[in-house]
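First comes the structure, then the notes that go with it.
The values are calculated or read from the model by the stated rules, or taken from the named source; none is laboratory data. None of these values were measured; they are calculated from a predicted model. Glycine gets a Cβ as well: all are built from the backbone with ideal geometry, and neighbour counts include every protein chain shown. All accessible areas refer to the heavy atoms of the entire protein, side chains included, with ligands and DNA or RNA removed. Shrake-Rupley method; radii C 1.70, N 1.55, O 1.52, S 1.80 Å.
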Amino acid sequence: MAISTPRLDSLTADGTNGTFARVRLADDLMLALKVAPGADVAGEVGLLPGLFPPATEAWANEDRQEDWLTGGAFGQGGGLYLDVPVQAVRDLVAQHGGEHAIQDLPSLIEAGGGVNAAQCAIEALAARGISAQIDEDAGNSWLVVGEDADTGSHTVLCLFRGNDDETVVLRVPDLDRDDWHAATVVNGAELLPAVWPVGQLGDCVEAIAAWIAEGRPARSLAGTVAPDYAVGERVWLKNNNGVPIVTMNNTHTSHETVTFTIQAINNGRYELDTDNKLARRRHCGGSGVPADRLMRPQAAPEDGSARR
């Protein structure tokens, strides 16, 4: 009996808009391809580690330089292959039992499918006709989304975990701990990010699409943050880099991660107090802080050095 490939058939019929689109196989291995609408040949096919190509002429054009540049290891499967006939891709899928029943990205995250955040977001954005490229620096990674060719205005999209020092897209999302952070960049100025729980990627993409449709105005996206902080709760306050504030203790003998107490909630902003007089002077009072500046205390580095 012939094995159907509805996901692959849809991608090859409609094209992938110049970006990689993922196909999850029945045995949980993955491939991704770039293909033009109705084309008989896929310009690029990426096999994720663990998936080996057949020893046929269809898979002979491997981009070994790309494999080396991206840290691929021979013998582990994977790799990038150029100009692969669509039928050869279909045959490979069939050899692995066909396609997995779960292909849509939110369900795949919830099922623990092992797809990294970049793959999830790039495909969801591509479905709305929005381009996205991965950028990296100093161990951090993010997506540059919907960049305007004339003005350079774009959105920066990444994952952020409250007790972590890094922003990333090159890891698997954690439904319980991660959020999507999206910031608009207009005329070189980055506005504070809007935040969505990681399972709400669709809402995040729709907000980005709306911002682009409005002409990329110089304002932040309308994100949703719904924490359940309460009056009397003890919290940490994040600085502009998204990590907990550390300051000298009251005797000026060591640094400490400052713990604040929520005193009141007014119009969605949180008024704070703390025993640390230096932090109180600088961070308490005024109109309060928004919810996305707060986080629940986690284990801090022993010497506090990573928080400075």
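Things to note:
- Any chance Ala149 is in a loop (DSSP other than H, G, I, E, B), more than 23 Å from Leu31 (Cβ to Cβ) and either at pLDDT 90 or above or open to solvent by 50 Å² or more (accessible area, probe 1.4 Å) (or both): yes
- Matching residues in the range 18-60 - criterion: being among the small types (Gly, Ala, Ser) and either in contact with a Cys (Cβ under 9 Å, 6 or more places away or on another chain) or touching a residue at least 60 places away in the same chain (Cβ under 8 Å) (or both): Gly18, Ala21, Ala26, Ala32
- The range 199-218 - residue that is of a type in the set (A, V, I, L, M, F, W, C) and free of Cβ contacts under 8 Å to residues at least 24 places away in the same chain and, of those, surrounded by the fewest Cβ atoms within 10 Å (Cβ to Cβ): Ala213
- Selection within the range 189-219: residues that are modelled with pLDDT of 80 or more and assigned to a loop (DSSP other than H, G, I, E, B). The member of this set that is farthest from Ala124 (Cα to Cα) is Ala218.
- Looking across the range 220-268 at every residue that is closer than 15 Å to Cys284 by Cβ and open to solvent by 50 Å² or more (accessible area, probe 1.4 Å), the one that is modelled with the lowest pLDDT is identified as Asn250.
- Entirely in the range 249-294, the strands (runs of 3 or more DSSP E) that have 2 or more residues that are without any contact (Cβ under 8 Å) to a residue 40 or more places away in the chain: 260-266, 269-273
- The set of residues in the range 269-294 that are modelled with pLDDT of 75 or more and more than 33 Å from the chain's Cα centre (by Cα) comprises Asp273, Thr274, Asp275, Asn276, Lys277, Leu278, Arg280, Arg281, Gly285.
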